[in-house]
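Chemist: Just passing along the structure, written as structure tokens.
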Amino acid sequence: MADTPNDPFAFFSQFMKAGTGAPNPFMPPLTEEEIERKIVELKTIEQWLQMQVGMLQMTVQTLELQRAGLAAFKQGLEPKHPSGDA
């Protein structure tokens, strides 16, 4: 069935065949070196993502400060109404 061109699972069945020599993306690494390499890669990605979150938080804070500054500036431009003390 996997050899027919109409089989939608033919692509995935090649990964389940044992002894193909190709790394299986659906199976976890089996050697300690591969596991250690994967841990280092994922920690690097985690650090990068944390840095991106920090940059995003700084951007949001900067925009909030700009919004507050504009609101204060607009409030300062509004004409002062006399309080009735003449």
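Where a number appears in this text, it was derived from the coordinates with a stated rule and is not lab data. Computed from a predicted model, the values in this text were never measured in an experiment. Positions of Cβ are generated from backbone atoms using ideal geometry, with glycine treated the same way; all protein chains shown enter the neighbour counts.
Chemist: Which value, in debye to the nearest 20, describes the size of the charge dipole of the stretch 30-77 about its Cα centre when Lys and Arg Cβ atoms bear +1, Asp and Glu Cβ atoms bear -1, and nothing else is charged?
Modeler: 580
Chemist: Can you give the log10 of the normalised intensity I(q)/I(0) at q = 0.22 Å⁻¹, computed with Debye over equal Cα scatterers of the stretch 30-77?
Modeler: Per q value, in the given order, log10 I(q)/I(0) is -0.77.
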